[in-house]
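Just so it is clear, none of the values below were taken in a lab; they were calculated from the coordinates. Values in this document were obtained by computation on a predicted structure and should not be read as measured data. Cβ sites come from the backbone with ideal geometry, for glycine too, and all protein chains shown count toward neighbours.
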Amino acid sequence: MDYTVARTFSSLYIILDIIWLLVFIGALLYFSRHMAVIVGLLAGFVYFLVDYGIFYQVLGTRQINGAAPVWFLFWLSMSYGFTNFAWIWLLLNGDSHAVEWSFFPILGWITIGQLSHNFGAGFPEITISRGTGTYHGVMALILCVGYLYIIFNNLSGKGRVNILRLMAIGIGVQFAWETSLLISGIRPPLWQPIVVNSLIETNLGMPYIYYIHQVITKRREKALSLNMVNKFAE
């Protein structure tokens, strides 16, 4: 199934989004969620390599009008790449303030969308679009491989990963993003982006980010334990 994913918005949206991103990063650092910041930044760079390097340069499915492609896609990738995966990392941590951290990006997305819609008339308009027929099949395959690995591990007794929890996080984060674009009038009122994108696009990375999270968390816990033992020995 091929359809076009499009957005049209005022450049005021970019200005407000950058301000909000800095506030979000500042809050994460202030409340000592340093690993979420690192993961978010790395995810932003990965998104940029995919969006600019593959979608725009190689496949030519990404179209941009009203902005310089490289800088625009760098901002866009950092915006939703950082936010989505910093949020996901906190949820995988089982953060005691998961509700507050979840409300943070949703509040920002809705507020920025509405402000730019109401007050962005004097700012240049930007339109972006991309087709999906050339890569959603590959995304579905990546998703399938990741979740099949978890399924086989669970069935063989090698793991007890809560698949429903992973899917709820992956689908929920993307759904919140897509919904905020829809209600702000940035995304056209089509069912495919909000349904198909929510099921596939962020969710495909959940099995992989889960195991990365497990490895890093265990190593950090081991390092903290060694530090405590060394301090006690002193």
* Structure fact -> Footprinting proxy, Phe85, Phe55: sorted fewest to most Cβ within 10 Å, the residues are Phe55, Phe85
* **Note, ³J(HN,Hα) from phi for region 147-156, Karplus 6.51, -1.76, 1.60, rounded to Hz, x at Gly and Pro** => 6, 5, 4, 5, 4, 5, 5, 5, 5, 7
* Asked: What is the order of Glu178, Glu125, Glu221, fewest Cβ neighbours within 10 Å to most?
  -> Glu221, Glu125, Glu178
* Roughly how many whole Å is it from the C-alpha centroid of region 112-169 to that of region 44-98? -> 11 Å
* Fewest Cβ neighbours within 10 Å first, please rank Trp71, Trp89, Trp191 accordingly. => Trp191, Trp71, Trp89
* Asked: Between Ile212 and Thr8, what is the spin-label point distance in nm, taking each point 7 Å from the Cα along the Cα→C-beta axis?
  -> 3.6 nm
* Which ³J(HN,Hα) values, rounded to whole Hz and listed in residue order, are derived for region 69-80 from phi using the Karplus coefficients 6.51, -1.76 and 1.60 in 6.51 cos²θ - 1.76 cosθ + 1.60 with θ = phi - 60°, glycine and proline given as x? -> x, 5, 6, 5, 5, 5, 4, 4, 5, 5, 4, 8
* Which option, (i) 31; (ii) 39; (iii) 19, is the value of percent of Cα pairs over 29 Å apart that was calculated from these coordinates? -> (i)
* **Relative contact order (%) - the chain, alpha-carbon pairs under 8 angstrom, separation at least six** => 28 percent
* **Relative contact order for region 164-223, counting Cα pairs under 8 Å that sit 6 or more residues apart, in percent** => 43 percent
